[in-house]
Amino acid sequence: MPEGDTIYRTARALGRALTGKPITRFQSEYALIAQEDDEHPFAGQTIQQIEARGKWLLIHFSSNQASSEAGAHGSKPLERVLATHMLMSGSWHIYRPGERWQEPRSNARIVLETADFVAVAFRVPVARIYTAESLAREKTIPQPATDVLKEDFDIVAAVERIKRYPDEEIAHVLLRQSVLAGVGNVFKSEICFLTGTSPFQKVVTFSESKLKEIASTAQRLMAANVLEDSGNQIVTYSGRKRRTTRSANPGESLWVYGRKNEPCRRCQTLIQRCLQGPNARSTYWCPTCQPLF
């Protein structure tokens, strides 16, 4: 499943291509979204903003037509948000008009077209339309303050959110998107390793300083994986591996994740793997570097 760094890079590329541009064509294979488009066409609306919110990608629209109509009737302008979640199979692509798509058209679930670009959501399994008000009420989409990649991410507040689950194992709490939005299974295991933390340790047993170290490490690792030096150019995903080590070797990009029965890069103990938590997510750890107590 794409984690927060992948969604952030996707939102950044889409934003550079589409923000401020009027939609010239909109198409969706989802009945409720298509019905929304029939009642209030997206064509002619302008994309205000594209943001990553944890593992969700949000496209904010405003309508000049709706604004003028709203002004005439004394009501608020029509503002809508398209929210998509990739789960295991989805992806967004950007093309120039007329450019050949890399996936079959039968896999396209949503198509957004402007004069300069075509954005296609392929095999995206979750897509919903919200207003600003309904988005603020939605519990499944994290609030901005919880997103590890937001510029104003607050470490102290993140620690307080972790402490709301004193009797849970730390690795499971790290996956709660209401706590650290964007952290997924890969980063969970890597954060625990780099902080010398057993993934099975209960939150209540941690000191305040240790929880700050864990939250800070989450922020640092995620931020390091979205760095680029392209200025304002549109940079699409090119298969660059997620990296938590400092090794330039592509085969040594991670400390523990996906390395069951391979030697620890620090102490040579064999890396262990188990299924953890109510959702049975894979956890990787070094028993020597990450003792339970």
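Listed values, structure above:
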item: Subset of the range 63-81 that is open to solvent by less than 20 Å² (accessible area, probe 1.4 Å) and farther than 25 Å from Arg176 by Cβ - its residue that is modelled with the highest pLDDT; result: Arg80
item: Number of positions in the range 127-161 that are under 17 Å from the mean Cα position of the chain (by Cα) and open to solvent by 70 Å² or more (accessible area, probe 1.4 Å); result: 6
item: So Val124, is it out of contact with any helix residue (DSSP H, G or I) (no Cβ under 8 Å at 6 or more places or on another chain), open to solvent by less than 60 Å² (accessible area, probe 1.4 Å) and in a loop (DSSP other than H, G, I, E, B); result: yes
item: Selection from the range 1-29 of residues that are open to solvent by 30 Å² or more (accessible area, probe 1.4 Å) and more than 22 Å from the chain's Cα centre (by Cα); result: Gly20, Lys21, Pro22, Thr24, Arg25, Gln27, Glu29
item: From the options Trp255, Trp285, residue that is modelled with pLDDT of 95 or more and either more than 30 Å from Asp152 (Cβ to Cβ) or of a type in the set (Ser, Thr, Tyr) (or both); result: Trp285
item: Members of the range 180-229 found to be surrounded by 23 or more Cβ atoms within 10 Å (Cβ to Cβ) and hydroxyl-bearing (Ser, Thr, Tyr), listed by number; result: Ser189, Thr197
item: Residue match in the range 3-21 (condition: outside any helix (DSSP H, G or I), out of contact with any helix residue (DSSP H, G or I) (no Cβ under 9 Å at 6 or more places or on another chain), without any contact (Cβ under 8 Å) to a residue 24 or more places away in the chain and not basic (Lys, Arg)); result: no
item: Those residues of the range 162-178 which are open to solvent by 20 Å² or more (accessible area, probe 1.4 Å) and touching a residue at least 40 places away in the same chain (Cβ under 8 Å), in sequence order; result: Lys163, Glu169, His172, Leu175, Gln177
item: Boolean, Thr146 is among the hydroxyl-bearing types (Ser, Thr, Tyr), touching a helix residue (DSSP H, G or I) at 6+ places or on another chain (Cβ under 9 Å) and under 25 Å from Leu14 (Cα atoms); result: yes
item: Out of Phe153, Phe200, Phe193, sole residue that is farther than 22 Å from Lys55 by Cα, modelled with pLDDT of 95 or more and not in a helix (DSSP H, G or I); result: Phe200
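The values are calculated or read from the model by the stated rules, or taken from the named source; none is laboratory data. Note that the structure is predicted; figures quoted are calculated from it, not measured. As a convention, Cβ positions derive from the backbone with ideal geometry for all residues, glycine included, and neighbour counts pool all protein chains shown. The accessibility values were calculated without ligands, DNA or RNA, using every heavy atom of the protein model including side chains. Shrake-Rupley method; radii C 1.70, N 1.55, O 1.52, S 1.80 Å.
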